[in-house]
There are 2 protein chains.
Amino acid sequence: MENFVFQNRTKVIFGKDQEQVVGQEAAFFGKKVLLHYGGGSIKKSGLYDTVVESLKEEGVEIVELGGVLPNPRVSLVRDGVNLCKEHQIDSILAVGGGSVIDSAKAIAIGAHYDGDVWDFFDGKAEVTDCLPIGVVLTIPAAGSETSGGSVITNEDGAYKRAVGHDKMRPEFAILNPVLSYTLPSYQTACGVTDMISHILERYFTNEKNVELTDRLCEATLKTIINNAHTVIDEPTNYAARAEIMWAGTIAHNDSLSTGRVGDWGSHDIEHEVSGIYDITHGAGLAIIFPAWMKYVYKHDVNRFVQFANRVWDVEIDLNDLEKTALKGIQKTEQFFSSIGMPVTLSEVDIDDKHFAEMAKKCTEKGPKGNFVPLHEEDVFNIYELAK
Amino acid sequence: MENFVFQNRTKVIFGKDQEQVVGQEAAFFGKKVLLHYGGGSIKKSGLYDTVVESLKEEGVEIVELGGVLPNPRVSLVRDGVNLCKEHQIDSILAVGGGSVIDSAKAIAIGAHYDGDVWDFFDGKAEVTDCLPIGVVLTIPAAGSETSGGSVITNEDGAYKRAVGHDKMRPEFAILNPVLSYTLPSYQTACGVTDMISHILERYFTNEKNVELTDRLCEATLKTIINNAHTVIDEPTNYAARAEIMWAGTIAHNDSLSTGRVGDWGSHDIEHEVSGIYDITHGAGLAIIFPAWMKYVYKHDVNRFVQFANRVWDVEIDLNDLEKTALKGIQKTEQFFSSIGMPVTLSEVDIDDKHFAEMAKKCTEKGPKGNFVPLHEEDVFNIYELAK
């Protein structure tokens with residue numbers, strides 16, 4: 001087990017009707033809040049009204065910025081930063097899913113920075129200050145509600161880049177599984193895929209003595225897999241929605257990465273795809289992850305055997321460990337397919353036209369991934385495997 | 001899943017040599033620290049010198065209070081409170097195991113309170129203020145390093161009582177598995193039993209839809225069980241010591257109790273035993289828990305079947321679920337025995353002389369436990385079963 005520091009201060013308020021306390025929680029961080037959200041869904045569902053009413057009850061002044069798109073854009077982030085500066089905003093309240101939260105985090109680090117906010121994503125500036133962030137979560141997927149990370153797309157060049165810092169963790173996150181009832185099944189499945197991928201990125205490590213985190217990862221994966229079809233078939237099943245929502249947070253709150261270096265290559269490889277083609281991140285991961293697995297499993301067959309056995313209940317064939325490993329990968333791919341995810345690029349009408357360009361861009365700052373560091377050629381091969 | 005609020009802000013600094021940063025961490029909370037510890041073991045091991053040197057390097061002034069005993073006494077807590085008031089202490093640094101940390105927490109809540117600190121444990125006062133607490137952990141067991149709880153014994157009447165509050169969570173906890181190398185195997189086993197018990201108290205719940213926390217509990221239990229004999233047979237096995245140390249924290253940081261009401265009856269039943277007889281808490285739990293299981297399992301045989309199957313790999317006998325449940329209990333008892341724990345009161349020379357008195361005292365404020373609420377007669381019967 002490697003030395004580590006773990007701290008996650010986010011206050012999680014989980015359960016039915018909990019969005020009603022948002023005013024109280026937000027007021028704790030000041031009286032002027034930037035209310036940040038996506039399209040009109042929170043207005044249609046009534047959540048917007050509940051949140052505004054709760055904020056007003058506590059005397060919180062609201063400045064609004066809606067319009068966050070999936071794969072959130074730096075242009076809107078810049079608008080948010082300007083609003084914060086203009087109105088001397090105290091804190092940001094993100095009402096939505098990972099895109100809204102990531103956008104809020106980017107605004108929060110830009111609010112007290114003199115340069116362009118993209119500097120943080122381009123490695124030109126370091127996070128030293130961050131406005132307090134609150135969250136009302138509507139899409140269990142990205143785990144951004146308690147993480148310190150933000151992924152933003154720069155339309156100028158279609159770059160998708162990540163920044164992470166402990167200061168960027170939200171101060172509070174309200175998780176009401178009922179708010180996810182109205183998610184279309186495709187989006188639910190994308191969320192499930194995203195959270196599974198977050199765990200897999202941590203699971204595939206070269207560190208050998210990490211039994212507890214391995215088992216915690218496996219426990220969370222099994223729970224997600226076990227509840228995925230239920231939330232798709234019965235969108236208003238509270239018990240299953242609750243398991244999935246809480247699992248999405250656990251998957252990315254860093255408790256599953258203690259004592260080890262994760263991989264994160266697949267996320268970077270996928271970011272190039274959704275950076276250009278604007279497909280949903282989760283769908284991109286369902287395509288890239290099985291391809292990545294097929295490309296790298298020989299690096300540590302035994303770890304893939306453990307994965308196959310403990311997560312997918314594949315019996316270990318001691319005469320052919322490789323076969324067992326491959327069965328685990330096949331089960332993963334079949335599972336993604338079974339919940340309605342694409343598992344090849346052709347299923348989402350992406351051909352090989354940009355493979356070379358994406359592979360080059362992905363690795364322009366060095367090889368990607370830690371389990372097996374992948375160079376330009378490797379990334380290209382993975383796109384080929386995912387065709 | 002029940003609604004819940006989860007927040008644990010403690011910064012965990014885990015790994016080799018990490019006690020060397022204690023000065024930096026402590027200095028963050030002020031320049032006057034009460035250094036609290038137990039007997040002479042930290043002086044013999046050199047840890048005391050390392051800590052003092054690190055504090056002095058950061059210009060932190062030290063007031064000392066050693067002498068914490070297992071089952072920490074309110075009399076020493078009172079001395080600590082007086083020292084805090086006299087020297088205007090900024091924070092408390094606990095160097096030791098659960099007893100030292102619990103004692104530090106009690107001092108921390110008493111430091112700004114005008115009445116007697118026992119008032120908090122007697123239900124006469126509520127926690128509103130708490131000095132910041134830092135920890136250098138030497139005994140993985142109680143999980144007090146990130147919990148908000150403290151258990152203190154009042155010699156005047158042999159009462160052992162608990163207080164819990166989020167404000168009482170330590171600000172930082174330094175966990176270096178190497179510091180546990182010198183623990184005698186009996187104390188190591190007591191620690192293992194204590195952390196297993198912390199999980200079992202959470203595991204046995206009447207809430208049905210708690211799959212994720214169930215699986216996380218099972219994952220942590222399996223890891224502890226899998227590494228227990230190694231840490232006893234090979235005290236300097238870093239990998240195993242690290243699994244056990246981190247598992248002890250996870251077992252009690254409240255991530256394993258989300259969405260459910262735990263039981264905690266066995267802890268209360270045991271506290272009466274160690275309150276009178278001054279046996280180690282872990283040893284007391286190894287005796288009480290199997291007896292409690294035998295007494296209550298019929299209340300929810302299926303939960304005990306799940307426990308037997310998922311934790312102990314007992315095959316489910318669908319023709320005789322009760323038999324499967326009992327096998328899980330038997331495996332638990334055998335495991336405690338195998339690591340050198342007593343599993344009957346007679347093994348630690350406790351006869352039935354005080355059973356009636358202990359049962360009465362345990363339930364004087366109402367029935368104990370939530371899985372099955374236990375009245376005076378039930379507690380008496382459990383002592384009888386544990387004879």
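Below, the figures for the structure above:
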| quantity | calculated |
| --- | --- |
| Condition met for B:GLU315 (under 17 Å from B:SER266 (Cα atoms) and without any contact (Cβ under 8 Å) to a residue 24 or more places away in the chain) | no |
| Given (1) of a type in the set (S, T, N, Q); (2) more than 8 Å from every other protein chain (Cβ to nearest Cβ); (3) within 16 Å of A:ASN209 (Cβ to Cβ), index of the condition B:ASN253 fails | (3) |
| Residue check for A:ILE232: out of contact with any Gly (no Cβ under 6 Å at 6 or more places or on another chain), within 14 Å of another protein chain (Cβ to nearest Cβ) and of a type outside the set (D, E, K, R) | no |
| Matching entry among B:THR220, B:THR249, B:THR236, B:THR213 (being modelled with pLDDT of 95 or more and either surrounded by fewer than 23 Cβ atoms within 10 Å (Cβ to Cβ) or assigned by TED's automatic domain parsing to the domain that holds B:GLY143 (or both)) | B:THR236 |
| Single condition A:ILE287 does not satisfy, out of (1) closer than 30 Å to A:GLY157 by Cβ; (2) part of a helix (DSSP H, G or I); (3) without any contact (Cβ under 8 Å) to a residue 60 or more places away in the chain | (3) |
| Residue list for region B:1-60, restricted to those being free of Cβ contacts under 8 Å to residues at least 40 places away in the same chain and acidic (Asp, Glu) | B:ASP49, B:GLU53, B:GLU57, B:GLU58 |
| Filtered residue count, region A:37-83, keeping only those that are among the charged types (D, E, K, R) and under 23 Å from A:HIS281 (Cβ atoms) | 3 |
| Single residue of A:GLU19, A:GLU25, A:GLU86, A:GLU57 found to be within 14 Å of chain B (Cβ to nearest Cβ) and more than 27 Å from A:CYS190 (Cα to Cα) | A:GLU25 |
| Output for region A:84-135, where each listed residue is surrounded by fewer than 24 Cβ atoms within 10 Å (Cβ to Cβ), charged (D, E, K, R) and under 21 Å from the mean Cα position of the chain (by Cα) | A:ASP122 |
| Filter result for the condition that a residue is aliphatic (A, V, I, L, M), within 14 Å of chain B (Cβ to nearest Cβ) and farther than 19 Å from B:ASN226 by Cβ, over A:VAL210, A:VAL261 | A:VAL261 |
| Pair list, Cβ under 9 Å, 6 or more apart: region A:345-361 residue among the basic types (Lys, Arg), other residue modelled with pLDDT of 95 or more | A:LYS360/A:GLU376; A:LYS360/A:VAL379; A:LYS360/A:PHE380 |
| Tally, over region B:27-45, of residues that are within 25 Å of the chain's Cα centre (by Cα), modelled with pLDDT of 95 or more and in a loop (DSSP other than H, G, I, E, B) | 1 |
| Per-region count, region A:269-304, residues buried (at least 23 other Cβ atoms within 10 Å of the Cβ), among the acidic types (Asp, Glu) and under 15 Å from A:GLU201 (Cα atoms) | 1 |
| Tally of residues being of a type in the set (Val, Ile, Thr) and either surrounded by 19 or more Cβ atoms within 10 Å (Cβ to Cβ) or part of a loop (DSSP other than H, G, I, E, B) (or both) across region A:1-26 | 4 |
| Options B:ILE92, B:ILE62: the member that is in contact with a Cys (Cβ under 8 Å, 6 or more places away or on another chain) and at pLDDT 95 or above | B:ILE92 |
| Search result, residues across region B:141-192 that are more than 19 Å from B:ILE107 (Cα to Cα) and touching a His at 6+ places or on another chain (Cβ under 9 Å) | B:ALA141, B:CYS190 |
| Tally, over region B:333-346, of residues that are closer than 14 Å to B:GLY282 by Cβ and in a helix (DSSP H, G or I) | 3 |
| Single residue of region B:318-344 satisfying the filter (touching a residue at least 60 places away in the same chain (Cβ under 8 Å) and of a type outside the set (Ser, Thr, Tyr)) that is surrounded by the fewest Cβ atoms within 10 Å (Cβ to Cβ) | B:GLY340 |
| Residue among B:LYS368, B:LYS360 that is assigned by TED's automatic domain parsing to the domain that holds B:ALA228 and touching a Cys at 6+ places or on another chain (Cβ under 8 Å) | B:LYS368 |
| Boolean, A:VAL163 is closer than 29 Å to A:VAL5 by Cβ, modelled with pLDDT under 95 and β-branched (Val, Ile, Thr) | no |
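The values are calculated or read from the model by the stated rules, or taken from the named source; none is laboratory data. Since we're looking at a predicted model, the values are computed, not measured. So basically every Cβ, Gly included, is an ideal-geometry build from the backbone, and we count neighbours across all protein chains shown.
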